Amino acid sequence: MNTRAKLTSSAQSSDALDRTLTYRLHQLHKLTDADSQGAYPVHTGLTLSDGRCLATIGHFEPLSVKDLAVQANLNKGQASRAAQALVEQGLVLKEDRPDDGRGVVLTLTPAGRKLFKRTMQLIAQRNHEIFGCLNAQEQNTLSSLLDRLIAHARPPAP
């Protein structure tokens, strides 16, 4: 293969890279996270990570740390550290599980509930800013397609 053919082949494959779903999802994630990194401390006083964990606990409570990790897409160590940070801020209550002395249950405190409402307002605002360029039908279509992709990618239950 001559040099020109190699360059053409290489250019075609790199052109295709920026059209792949994974590449574009990662790009969208990075772009939206950059804005969210700044918005969370201003509107909630929390880091992006702590804000996401507070929202997850508030939405799915009561949760174990393991459940928090699953629902927030974190590893167990990250979830444990985030939960502890929220406990130390007085936003989350961590109680021993009555059925398992080794586990804990995470729930929001009254202060955590107030901040959860503000956090959910921020999430709704950010969601609108990100998807606002799509009309309602496009948003519904994208939502349905994402649901299908997530279900397809999720490993089968044991």
Next item on the list: Enumerate the helices (runs of 4 or more DSSP H) found wholly within the stretch 41-158, keeping only those where 2 or more residues are surrounded by fewer than 18 Cβ atoms within 10 Å (Cβ to Cβ), hydrophobic (A, V, I, L, M, F, W, C) and over 17 Å from the mean Cα position of the chain (by Cα).
Entry: 76-88, 136-153
Next item on the list: Spot the failing condition for R19; the list is (1) at pLDDT below 90; (2) under 23 Å from I130 (Cβ atoms); (3) surrounded by 10 or more Cβ atoms within 10 Å (Cβ to Cβ), and only one is missed.
Entry: (3)
Notebook entry, point to check: Has the stretch 91-111 got any residue that is within 29 Å of R148 (Cβ to Cβ), touching a Leu at 6+ places or on another chain (Cβ under 7 Å), at pLDDT 90 or above and not hydroxyl-bearing (S, T, Y)?
Noted result: no
Check: Limited to the stretch 126-146, what total is found for residues that are without any contact (Cβ under 8 Å) to a residue 60 or more places away in the chain and within 26 Å of L108 (Cβ to Cβ)?
Finding: 2
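The values are calculated or read from the model by the stated rules, or taken from the named source; none is laboratory data. Computed from a predicted structure; not experimentally measured. Neighbour counts run over all protein chains shown; Cβ positions are idealised from the backbone, glycine included.
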